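Chemist: Sharing a structure here in structure tokens format.
The values are calculated or read from the model by the stated rules, or taken from the named source; none is laboratory data. Computed from a prediction, not measured in an experiment: that's the story for all the values here. So basically every Cβ, Gly included, is an ideal-geometry build from the backbone, and we count neighbours across all protein chains shown. Surface areas here come from the heavy atoms of the whole protein model, side chains and all, with no ligands, DNA or RNA. Shrake-Rupley method; radii C 1.70, N 1.55, O 1.52, S 1.80 Å.
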Amino acid sequence: LDPHGIMILRNGAVIAERNFGAYDQRLWHITHSECKSITGLAIGMLIDEGLLNLDDKVAPIFEKHHGKLAKLTLKNLTVRHLLTMTSGVIFNEAGAVTETDWIRGFLDSVVLSEPGRQFNYNSMNTYMLSAIVRQISGQGLMEYLRPRLWEPLGITGIFWETCPQGIEKGGWGLYIRPEDMAKIGQLVLQKGLWQGRRLVSEQWIGAATASQVETNALADCIAPGV
């Protein structure tokens, strides 16, 4: 398995940890799709603040970024569909390699199915959630989460890769220390509370950890939840 390290928490305290080989738990590690859950927390915070709704249509949020086709093919695409990986959009990470405007590439893409009908794991769904955070709040994920997540949890050693237009990738590209990722897991276990302070609503944590959509037997992936 080539593990980098392991950290086990119980009742909010570290009860065991170990490094392997040359890896150091004190240094940040790439999280791959694990960071999708953090992007989901940011969306929950926007909703808690009354700035966004799960059933808000995506196309109108990015009206200046897409052509006429998106008004027809993605007219029913909502924030909920992005979170549950049911957008039906084909444009994925592989397509993003040759594209400079990922928002336009996503919105002008061919679709596999009507939004909401079929689960299809696609990290670009979560990238679009990151773009929504920037579009709605005027801040990128890193800046938006600084007073809402990073600072309350004491997370400082962190970095998030961005797309060609400077938007955090959302679905991948986050570097964070294992201990800090464990803090975020503990926050979820505590239903959004951290040291007596409410960082995200209990209602959102409940929705994010509930079953949302049926997946096929091959969809052995970590999905972001709602």
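Chemist: Scanning for something closer than 18 Å to H29 by Cβ, assigned to a loop (DSSP other than H, G, I, E, B) and among the acidic types (D, E), does segment 171-180 turn up at least one residue? If you could, list the steps in order and put the result at the bottom.
Modeler: The first filter runs over segment 171-180 and keeps only residues closer than 18 Å to H29 by Cβ, leaving 171-180.
After this cut, where a residue has to be assigned to a loop (DSSP other than H, G, I, E, B) as well, the list is 171-173, 177.
Now drop any that are not among the acidic types (D, E), which leaves none.
Scanning segment 171-180 turns up no residue that is closer than 18 Å to H29 by Cβ, assigned to a loop (DSSP other than H, G, I, E, B) and among the acidic types (D, E).
Chemist: Out of segment 123-149, which residues are of a type outside the set (G, A, S), surrounded by fewer than 21 Cβ atoms within 10 Å (Cβ to Cβ) and free of Cβ contacts under 8 Å to residues at least 60 places away in the same chain?
Modeler: Result: R134, Q139, M142, E143, R146, P147.
Chemist: A further question on this structure: Taking segment 150-167, which residues are farther than 24 Å from I6 by Cβ and without any contact (Cβ under 8 Å) to a residue 40 or more places away in the chain?
Modeler: E151, E161, T162, G166
Chemist: To continue, here is another question. Among the numbered criteria (1) within 14 Å of T126 (Cβ to Cβ); (2) in contact with a helix residue (DSSP H, G or I) (Cβ under 9 Å, 6 or more places away or on another chain); (3) assigned to a helix (DSSP H, G or I), which one does M85 miss?
Modeler: Of the numbered conditions (1) within 14 Å of T126 (Cβ to Cβ); (2) in contact with a helix residue (DSSP H, G or I) (Cβ under 9 Å, 6 or more places away or on another chain); (3) assigned to a helix (DSSP H, G or I), the odd one out for M85 is (3).
Chemist: Looking only at segment 172-185, how many residues end up being touching a Leu at 6+ places or on another chain (Cβ under 8 Å) and either among the small types (G, A, S) or in contact (Cβ under 8 Å) with a residue 40 or more places away in the chain (or both)?
Modeler: The number of residues fulfilling the criteria is 4.
Chemist: Select from segment 14-25 the residues that are under 30 Å from G196 (Cα atoms), under 26 Å from the mean Cα position of the chain (by Cα) and open to solvent by less than 70 Å² (accessible area, probe 1.4 Å) and list them in ascending order.
Modeler: Q25
Chemist: Continuing with the same structure: Kindly provide the set of residues from segment 76-118 that are of a type in the set (A, V, I, L, M, F, W, C) and open to solvent by 30 Å² or more (accessible area, probe 1.4 Å), ordered by number.
Modeler: At the first step, the residues of segment 76-118 found to be of a type in the set (A, V, I, L, M, F, W, C) are 77, 79, 82-83, 85, 89-91, 94, 96-97, 102-103, 106-107, 110-112.
If the condition is that a residue be of a type in the set (A, V, I, L, M, F, W, C) and open to solvent by 30 Å² or more (accessible area, probe 1.4 Å), then I90, A94, V97, V110, V111, L112 are the ones that fit.
Chemist: Only residues in segment 90-102 that are over 14 Å from G166 (Cβ atoms) count as the first member; pair them with residues that are open to solvent by less than 30 Å² (accessible area, probe 1.4 Å) and among the aliphatic types (A, V, I, L, M), Cβ under 6 angstrom, at least 6 apart or cross-chain, and list the lot.
Modeler: The qualifying pairs are F91/M124; N92/M124.
Chemist: For I6, which of the numbered conditions (1) in contact with a strand residue (DSSP E or B) (Cβ under 6 Å, 6 or more places away or on another chain); (2) assigned to a helix (DSSP H, G or I) fails to hold?
Modeler: Only one criterion in (1) in contact with a strand residue (DSSP E or B) (Cβ under 6 Å, 6 or more places away or on another chain); (2) assigned to a helix (DSSP H, G or I) is unmet by I6, namely (2).
Chemist: Within segment 151-158, identify whether any single residue is within 21 Å of N76 (Cα to Cα) and out of contact with any Cys (no Cβ under 6 Å at 6 or more places or on another chain), and answer yes or no. Walk me through it before giving the result.
Modeler: Step one: of segment 151-158, the residues within 21 Å of N76 (Cα to Cα) are none.
For segment 151-158, residues within 21 Å of N76 (Cα to Cα) and out of contact with any Cys (no Cβ under 6 Å at 6 or more places or on another chain): absent.
Chemist: I need a count of the residues in segment 26-53 that are at pLDDT 95 or above, surrounded by 16 or more Cβ atoms within 10 Å (Cβ to Cβ) and either among the aliphatic types (A, V, I, L, M) or within 14 Å of A182 (Cα to Cα) (or both).
Modeler: Count: 10.
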